[in-house]
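A.B. asks: One structure coming up, written as C-alpha cells, with questions to follow.
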Amino acid sequence: TFCLDRAGLSPNDGPTHHGVFDFSYLRLIPNAIVMQPKDEDELQDMMATGIECGQPAFVRYPRGAGRGVERKEAPSPLPVGKAEILREGKDCAIWALGDFVHLALKLAERLSARHGLLCSVVNARFVKPLDKDLLLSHARSHRSIVTLEDNALAGGFGSAVLELLKDEGLSLPVRRFGWPDHFIEHGDSVSSLREAHQLGDEQIFAQIEKFLKLE
C-alpha cells in the first residue's frame, strides 16, 4: 500500500511538489488500485482497503488538515472499484474525486436553483478500477457528464472515463476539469492557483453553464 501525500497542489512548496501526475502514470500499472478519499474518514477506509485487497494499492491525499468530519471507531474496507452516489439526477452527472467532491455538490445545488437541472453527483473514489457499471448507467440515463479531478487532464481520471465510453460505443458530451499540460507554478494558496488556471469555484460553474448551454 503506497500513501501519496501532497495530492493535487502544494502551493508554498513550489512546482516540484505539486502532485498532479500520479493518476496518469499509475493507471498504466496492471492490477493496481488507485484511490482518492473525499475526507479523512474515507481515507482510513481506503487505507484498510489497500491493506486487505491483496493488490498494489495507491491512496493519494492532499497536504494540510482534513475537513473535520467525524471518523468511525474502526475503518471499513471499501468494495474495490465501487463509487459512491451522493445525489441522484437525470440531466448531468458530475463525477468527482477528493476535495472536488464537495464542490460538485455545491455545483449541483446551484444548477438546480438557477436552472432547474437535476444533476447526479458521484464520489468516484477509484480511478482504477473505474466503477464501470455505474458510469455506463449514467452515460445511458443522463444527457452529459462532467469530471472533476486534482490531476493533469492528460491521461487522468477524465481520460479514463472517455476511454471507457468510447470502448463501449457510447457518445455523449463530456466536460473534463483538471490541470493543464504544463508544470504548475509556485503559489501563495490553492485557491489562487486554481483561479489562475480557470479552476476556481465560480470559474468552473461558469464553464459548466456554457458547456450545458445555459448562458
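A.B. asks: Considering only protein heavy atoms, what is the solvent-accessible area of residue 16 at a probe of 1.4 Å, reported in Å² to the nearest 10?
C.D. replies: We get 120 Å² for residue 16.
A.B. asks: Which of the chymotrypsin sites (Phe, Trp or Tyr not before Pro) across the range 138-215 are loop residues per DSSP, with 15 or fewer other Cβ within 10 Å?
C.D. replies: Answer in residue order: 183.
A.B. asks: Moving on. What are the trypsin sites (Lys or Arg not before Pro) within the range 76-182 that DSSP puts in a loop, where the Cβ has at most 15 other Cβ atoms within 10 Å?
C.D. replies: Qualifying residues, ordered by number: 82, 90, 143.
A.B. asks: Round to a whole number: what % of the accessible area of the range 1-159 belongs to carbon and sulfur, probe 1.4 Å?
C.D. replies: 52 percent
A.B. asks: Residue 21's amide H: which non-local residues (gap 5+, or another chain) put their own amide H closer than 5 Å, with H modeled 1.01 Å from N in plane and none for Pro or chain starts?
C.D. replies: 152
A.B. asks: Could you put 199, 153 in order of accessible surface area, largest first, with the 1.4 Å probe and the full protein assembly present?
C.D. replies: Ranked from most to least accessible, the order is 153, 199.
A.B. asks: Another question, then. Once label points are set 7 Å from the Cα along Cα→Cβ at both residue 136 and residue 41, what is their separation, rounded to one decimal in nm?
C.D. replies: 3.2 nm
A.B. asks: Turning to a different aspect of this structure: Please list, short to long, the whole-number percent of alpha-carbon pairs of the range 1-128 in consecutive 5 angstrom bins beginning at zero.
C.D. replies: 2, 10, 19, 20, 19, 14, 10, 4, 1, 0
A.B. asks: In whole angstrom, how far apart do the alpha carbon centroids of the range 151-215 and the range 76-101 sit?
C.D. replies: Between the Cα centres of the range 151-215 and the range 76-101 lies a distance of 17 Å.
A.B. asks: On to the next question. Would you work out the charge dipole size for the range 84-215 about its Cα centre, treating the Cβ of every Lys and Arg as +1 and the Cβ of every Asp and Glu as -1, and quote it to the nearest 20 debye?
C.D. replies: The dipole magnitude comes to about 500 debye.
A.B. asks: Between residue 195 and residue 209, what is the spin-label point distance in nm, taking each point 7 Å from the Cα along the Cα→C-beta axis?
C.D. replies: 1.8 nm
A.B. asks: What is the range 88-135 by shape, rounded, prolate or oblate, if you read a ≥ b ≥ c off the alpha carbon gyration tensor as root eigenvalues and call it rounded for a/c under 1.5, prolate for a/b larger than b/c, and oblate otherwise?
C.D. replies: oblate
A.B. asks: Taking H placed 1.01 Å from N in the peptide plane, check which residues at least 5 places from residue 86 or on another chain put their amide H under 5 Å from its amide H.
C.D. replies: Those qualifying (amide H under 5 Å, at least 5 residues apart or on another chain) are 121, 122, 123.
A.B. asks: Now for a different question. Solvent-accessible area per residue for the range 1-42 at a 1.4 Å probe radius, Å²?
C.D. replies: 43 Å²
A.B. asks: Leaving ligands, DNA and RNA out of it, rank 84, 70 by accessible area with a 1.4 Å probe, largest first.
C.D. replies: My answer, sorted largest first, is 70, 84.
The values are calculated or read from the model by the stated rules, or taken from the named source; none is laboratory data. Because the structure is a prediction, the values reported are computed rather than measured. Neighbour counts run over all protein chains shown; Cβ positions are idealised from the backbone, glycine included. Accessible surface areas use protein heavy atoms only, side chains included; no ligands, DNA or RNA. Shrake-Rupley method; radii C 1.70, N 1.55, O 1.52, S 1.80 Å.
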